[in-house]
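Readers should treat all values here as calculations from the given coordinates under stated rules, not as data from a laboratory. Bear in mind that the values here come from a model prediction, so they are computed numbers and not experimental data. Cβ sites come from the backbone with ideal geometry, for glycine too, and all protein chains shown count toward neighbours.
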Amino acid sequence: MNEKTQRVIAEVAAILSDARRVVVLTGAGASAESGVATFRDAQTGLWSRFDAQRLASQAGFRDDPGLVWGWYMHRLAMVEVAEPNPGHHALAALAGEVAALTLITQNVDDLHERAGSPHVLHLHGHIARFHCNECGAAYYLQPEDRVASLPPVCHLCNGYVRPSVVWFGEMLPDRVLTAAWRAAEQCDVFLVVGTSGIVYPAAQLPIVAHNHGAQVVEINTEPSMLSESVDYVLLGPSGQILPDVLAEVRSRRS
Ligand code: BV8
Ligand code: ZN
């Protein structure tokens, strides 16, 4: 690790150690080292192979429910074989090293929970949960659904079943967004990990924190839409950077 990164990690560890409230926002990059494809990585990104913005929408589902269903079953299978990476584990451990930590994610996987983070604010829902697109009734996936060419049909109203994720053009869950917004307004340090900062209103959260006087730290393998408006940038894979930050915070306490 180069000299500059080491120095920034030391500075970030210092502000985390002094912080009363820490907020972390993760994006697809935080799950990349677990083998879950991100949306925008050119070589594997879902955007490059499908028009994710179209598939992740009511219009896309209406036009081709079978294609959208198959896309989600493909992504669900990727998530189910994935394991939390050292970055997920470091964030779970960091919660025990700072005064208070709120974890917000744009990701629809459960890797933070599986790494031991107890209360995760999922802005965009959960890929392993399902409900009827018409009446909202909860649905429990059956083995045969995973290989079906059309989505399952709701047992109450015959509507198509969909994953309980937030599609483009859909409102985020109000309680979750309100909690995330309030945490961003009240925190001293805001860590944004592995997100391109393109999708709103999630991408607004680090800006809200910054405007309320928080120090914003970005951890990413490359510059993002947010890089101009953060206080610290740590360039590198979150699965390596986050354990280094955790180690530095711990060394300051001992
Ligand atoms: C809304 C769930 C109010 C689904 C997702 C027209 C009509 C309506 C709304 C809009 C509109 N025009 C614009 C909007 C707003 C729209 C939006 O923001 N569009 C963008 C494209 C401009 N937002 C919405 O529609 C939201 N709802 O606004 O409602 C409303 C309602 C009606 C009418 C008007 C307004 C809903 C947005 C939620 C969409 N659902 N996910 C699913 O998963 O299938 S978004 C999905 O994409 C993810 O959840 C995530 O949020 C986003 C992907 O972004 P990232 O997580 O950042 O991932 P990405 O691949 O982009 O980047 C990865 C990053 O990681 C990169 O920077 C890379 O460098 C880095 N990285 C890679 N490896 C590593 C790494 N970093 C560290 N370590 C590594 N190893
Ligand atoms: Zn129904």
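Taking θ as phi - 60° and the Karplus parameters 6.51, -1.76 and 1.60, the scalar couplings of segment 203-208 work out to 5, 6, 4, x, 5, 4 Hz in sequence order, x denoting glycine and proline.
A Stokes-Einstein calculation at 25 °C with viscosity 0.890 mPa s, built on the Kirkwood radius of the chain over Cα pairs, returns a diffusion coefficient of 130 µm²/s. Note on segment 213-231 and segment 135-162: Cα centroid distance 40 Å, given to the nearest whole angstrom. If you look at the Cα atoms of segment 210-254, you get an Rg and a Dmax of 12.1, 37 Å.
Mean residue ellipticity at 222 nm, helices only, the chain: -11000 deg cm²/dmol; runs of at least 4 DSSP H residues each add -39,500 (n - 2.57), and the sum is divided by the number of residues.
Does anyone have the angle between helix 174-186 and the longest principal axis of the chain? Alpha-carbon axes, 0 to 90°, nearest 10? For 174-186 against the chain, the angle is about 10 degrees. Residue ranges 192-201, 7-16 sort as 192-201, 7-16 when ordered by packing (mean number of other C-beta atoms within 10 Å per residue, highest first). Taken over segment 1-134, the alpha-carbon convex hull comes to 129 cubic angstrom per residue.
Label reach from GLN53 (point 7 Å along Cα→C-beta): in segment 165-180, amide nitrogens under 12 Å belong to 168-169.
For segment 41-186, what relative contact order do you get, as a whole percent, if you take Cα pairs closer than 8 Å and at least 6 residues apart? Spell out each step's value before the answer.
Numbers: 177 pairs, mean separation 34.6, N = 146.
Dividing the mean separation by the residue count of segment 41-186 yields 24 percent.
For LEU101, the residues whose modelled amide H falls within less than 5 Å of its own, excluding neighbours fewer than 5 places apart on the same chain, are VAL22.
Ranked highest first by average number of other Cβ atoms within 10 Å, how do 142-154, 165-177, 60-72 line up? Don't skip to the end; give the middle numbers.
Details: 142-154: 13.2, 165-177: 14.7, 60-72: 17.5.
Packing proxy ranking, top to bottom: 60-72, 165-177, 142-154.
In this Cβ point-charge picture (+1 for Lys and Arg, -1 for Asp and Glu), the chain has a dipole of about 260 debye about its Cα centre.
Projected onto its three principal axes, the C-alpha set of segment 106-178 covers 35, 26, 19 Å, listed from the longest axis down.
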